[in-house]
Amino acid sequence: MNALLERIIADRRRRQPLSIDSYKMQRLHEDCMSLPSVRSLQRALEQRPAVIAEIKRCSPSRGELGGYRAPGLLATAYERSGAAAISVLTNEQFFGMHKNGLSEASASVGIPVLRKEFIISEFDILETRLLGADAVLLIVRLLDDDCLRRLYTLSREIGLEVLLEVHSEAELERALALKPELIGINARDLDSLELDLRAALRLAGRVPQGIRIVAESGIRGIEDMRMFMNRGIHSFLIGSELLEHDRPEKRLAEMLSREVTHEAV
């Protein structure tokens, strides 16, 4: 891992609960099981094109993002502009977003909400469901096979849908062993942080039919989306490209070839 990713993971480990016994975990699990069914991300991505519009305040590479607004307001604006789902990046230290922003966004919209975080433990999964997320991102690069399987299995057990993120053929093979419904292909190499959309397209060609692919990172405009759609990939997770604009919802509408008929909020 590069130095930045190592710092992020070290920070995530420091922020894990210092002590949580099996009884408390069981109580959290029971609380999760009592919640209503999630809004299905899988079904939401059936629209073409389908954009998971991201909410974050900043990024380590780009600094503050000018289009950020309160999560509930921005999620509502995204939904009105045609987003299929919302992604909330809940990492406060490096992306400026408190995890409560996920709850705020989830309560404000009728579309699915994905928690995007550097998930590393069972506690993270239970917390994700209790915060109001409908789906969770698991980054294959960060987890060994045993941990990946445990977190994937727990997520599905408590009703969360899972977007498995991969960047390489080796990671894809590990992800496919879980028989997933959703695969996210990240065009950004987590080691070098370089973007390569064509490498992502080549990797997408190795995903079996029947598994929905979400293109992640580096989608800068309609032409990038068309390049993927010409290969049968119609789902996208888009963050910085939207949030670099003063009105991210307007940029989203442009990318979806829709008209914005509501006032900015």
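Modelled with pLDDT of 95 or more, within 26 Å of L74 (Cβ to Cβ), of a type in the set (K, R) and touching a helix residue (DSSP H, G or I) at 6+ places or on another chain (Cβ under 7 Å): is that true of R206 in this structure?
no
Identify all residues within the range 24-45 that are in a loop (DSSP other than H, G, I, E, B) and either in contact with a strand residue (DSSP E or B) (Cβ under 8 Å, 6 or more places away or on another chain) or surrounded by 20 or more Cβ atoms within 10 Å (Cβ to Cβ) (or both); write none if there are none.
Hits for the range 24-45 are V38, R39, S40, L45.
Out of the residues in the range 163-194 that are surrounded by fewer than 16 Cβ atoms within 10 Å (Cβ to Cβ) and at pLDDT below 95, state the one that is nearest to R149 (Cα to Cα).
Top of the filtered list is D191.
Can you name every residue in the range 114-132 that is of a type in the set (F, W, Y) and either under 14 Å from the mean Cα position of the chain (by Cα) or modelled with pLDDT under 95 (or both)?
F118, the sole residue that qualifies.
When you go through I111, I55 one by one, which is the residue that is within 24 Å of E157 (Cβ to Cβ) and either at pLDDT 95 or above or not small (G, A, S) (or both)?
Going through I111, I55 in turn, just one is within 24 Å of E157 (Cβ to Cβ) and either at pLDDT 95 or above or not small (G, A, S) (or both): I111.
Do we find a residue being under 19 Å from the mean Cα position of the chain (by Cα), surrounded by fewer than 17 Cβ atoms within 10 Å (Cβ to Cβ) and of a type outside the set (F, W, Y) anywhere in the range 10-17?
no
Given (1) within 30 Å of R150 (Cα to Cα); (2) surrounded by 16 or more Cβ atoms within 10 Å (Cβ to Cβ), where does M225 come up short, assuming only one miss?
It is condition (1) that M225 fails.
Starting from the range 95-109, keep only residues that are touching a residue at least 60 places away in the same chain (Cβ under 8 Å) and on the phi > 0 side of the Ramachandran plot, then list their pairs with residues that are assigned to a loop (DSSP other than H, G, I, E, B) and surrounded by 19 or more Cβ atoms within 10 Å (Cβ to Cβ) whose Cβ atoms are within a distance under 9 Å, requiring at least 6 positions of separation or different chains.
Within 9 Å, no pair qualifies.
Go through the residues of the range 67-80 one by one and say whether even a single one is assigned to a helix (DSSP H, G or I) and under 26 Å from V166 (Cβ atoms).
Yes, there is a match, as at least one residue in the range 67-80 is assigned to a helix (DSSP H, G or I) and under 26 Å from V166 (Cβ atoms).
Of all residues in the range 67-100 being among the small types (G, A, S) and over 24 Å from L182 (Cβ atoms), which is surrounded by the fewest Cβ atoms within 10 Å (Cβ to Cβ)?
Looking at the filtered set, the residue picked out is A70.
Hey, does the range 46-58 have a residue that's in contact with a Leu (Cβ under 8 Å, 6 or more places away or on another chain), among the charged types (D, E, K, R) and either in a helix (DSSP H, G or I) or in contact (Cβ under 8 Å) with a residue 60 or more places away in the chain (or both)?
Yes, the range 46-58 contains a residue that is in contact with a Leu (Cβ under 8 Å, 6 or more places away or on another chain), among the charged types (D, E, K, R) and either in a helix (DSSP H, G or I) or in contact (Cβ under 8 Å) with a residue 60 or more places away in the chain (or both).
Tell me, please, whether a residue that is over 26 Å from I158 (Cα atoms) and within 18 Å of the chain's Cα centre (by Cα) can be found in the range 30-38.
So far as the range 30-38 goes, no, none of its residues is over 26 Å from I158 (Cα atoms) and within 18 Å of the chain's Cα centre (by Cα).
The values are calculated or read from the model by the stated rules, or taken from the named source; none is laboratory data. In this text, all values refer to a predicted model and were calculated from it rather than measured experimentally. In this analysis, Cβ positions are derived from the backbone assuming ideal geometry, glycine residues included, and neighbour counts consider all displayed protein chains.
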